[in-house]
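Before any comments, here is the structure.
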Amino acid sequence: METEIPAMLMRRMAVNKDESFTFHSSRMRMQHVSVEELKMMDCDSDRCAIELSDAACDVLAYACLVAIMCQGKQYHRISEKRLYEKTTENKCSAPIVSSAGALVRSLSEIGAKRISMVTPYMKPLTQQVVDYIEETGIEVVDAISLEVSDNLAVGRLDPMNLVHIVDRLKTTEADAIVLSACVQMPSLPAVQIVQDKIGKPVMTAAIATVYEILKNLNLETYVPDAGFLLAKKPSAVLGSSNFS
């Protein structure tokens, strides 16, 4: 997240010379992607929101999808509300975007009813993500678990491997592909390649987060070569003539 969000904003700045962004982060501790460490990590989110609100940021992103989704159904709503209240208490209110909430809302917004996805998680955690998404009314047709539990190792995965990993993913019956259901797993360099390859909308948790960040900033939701959701088009709705 600390590499791909700035990368997408830099792409915008390259085509919109009047725009300028600054990026700030506060970290929650986690070394191994397990339910226990994810729950401990989530407890740190209040502190992070308060620290970042000190910087008077225009929007805050909670950048761990599975830390939210392993807490139980619709937890993104609870988390976003609580973190917003923390910034308000600090007298510097900022809208909160969670990557978990951004992903499910974006999939719903584009009309995706069935998806396939890739995660770096161990299979039990991937199943929790599947259950969370399906509880929102979106069917997960297929999910590939890369089964990497070390968080640093996840961040060092080669994103271009996703171009070939997607060959093992069931995509025929899916409306859209979530190429990385994890903001720690690099994916941005492969997104447009995979979308052009399979001819279906491709997004990631990081892309969905940027989409909602831009919406909260009242900016056009466009980033070059970042897949369907951030394409330059009047509306991102499946079945429209804008998708190719």
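Filtering region 53-89 down to residues that are in contact (Cβ under 8 Å) with a residue 60 or more places away in the chain and open to solvent by 60 Å² or more (accessible area, probe 1.4 Å), which residue is farthest from Leu219 (Cα to Cα)?
Lys73
Among the residues that make up region 161-182, is at least one of them under 22 Å from Arg29 (Cβ atoms), out of contact with any strand residue (DSSP E or B) (no Cβ under 7 Å at 6 or more places or on another chain) and of a type outside the set (D, E, K, R)?
There is no residue in region 161-182 that is under 22 Å from Arg29 (Cβ atoms), out of contact with any strand residue (DSSP E or B) (no Cβ under 7 Å at 6 or more places or on another chain) and of a type outside the set (D, E, K, R).
Check whether at least one residue in region 160-178 is assigned to a loop (DSSP other than H, G, I, E, B), of a type outside the set (Val, Ile, Thr) and under 28 Å from Leu60 (Cβ atoms), and report yes or no.
No: region 160-178 contains no residue that is assigned to a loop (DSSP other than H, G, I, E, B), of a type outside the set (Val, Ile, Thr) and under 28 Å from Leu60 (Cβ atoms).
Pick from region 141-162 the residues that are open to solvent by less than 20 Å² (accessible area, probe 1.4 Å) and at pLDDT 95 or above: which of them is farthest from Gln74 (Cα to Cα)?
So the residue we want is Leu162.
Residues being surrounded by fewer than 19 Cβ atoms within 10 Å (Cβ to Cβ) and not small (Gly, Ala, Ser): count how many of those fall in region 198-208.
1
Go through region 100-158 and give me each residue that's more than 23 Å from Met1 (Cα to Cα), touching a Lys or Arg at 6+ places or on another chain (Cβ under 7 Å) and hydrophobic (A, V, I, L, M, F, W, C).
Of everything in region 100-158, those that are more than 23 Å from Met1 (Cα to Cα), touching a Lys or Arg at 6+ places or on another chain (Cβ under 7 Å) and hydrophobic (A, V, I, L, M, F, W, C) turn out to be Ile138, Val141.
Mind checking which residues of region 190-205 are part of a helix (DSSP H, G or I) and closer than 16 Å to Val154 by Cβ?
Ala190, Ala205
Could you grab me the full set of residues in region 11-48 that are assigned to a loop (DSSP other than H, G, I, E, B) and modelled with pLDDT under 75?
Correct list: Arg29, Met30, Gln31, Val33, Ser34.
Give me a count of the residues in region 44-62 that are under 18 Å from Arg77 (Cβ atoms) and of a type in the set (A, V, I, L, M, F, W, C).
Counting residues in region 44-62 that are under 18 Å from Arg77 (Cβ atoms) and of a type in the set (A, V, I, L, M, F, W, C) gives 4.
Being open to solvent by 50 Å² or more (accessible area, probe 1.4 Å) and in contact with a strand residue (DSSP E or B) (Cβ under 9 Å, 6 or more places away or on another chain) is the filter here, so list the residues in region 90-123 that pass it.
Residues satisfying the conditions are Lys113, Arg114, Met122, Lys123.
Identify, by number, the condition in (1) free of Cβ contacts under 8 Å to residues at least 60 places away in the same chain; (2) out of contact with any Asp or Glu (no Cβ under 8 Å at 6 or more places or on another chain); (3) of a type in the set (S, T, N, Q) that Ser99 doesn't meet.
(1)
Have a look at Gln184, Gln195 and point out the one that is at pLDDT below 95 and surrounded by 21 or more Cβ atoms within 10 Å (Cβ to Cβ).
Selected residue: Gln184, the only one of Gln184, Gln195 that is at pLDDT below 95 and surrounded by 21 or more Cβ atoms within 10 Å (Cβ to Cβ).
The values are calculated or read from the model by the stated rules, or taken from the named source; none is laboratory data. Just so we're clear, the structure is a prediction, and the values are computed from it rather than from any experiment. Please note: Cβ atoms are built from the backbone with ideal geometry, for glycine as well, and neighbour counts cover all protein chains shown. Just the protein is used for accessible areas: all its heavy atoms, side chains included, with ligands, DNA and RNA removed. Shrake-Rupley method; radii C 1.70, N 1.55, O 1.52, S 1.80 Å.
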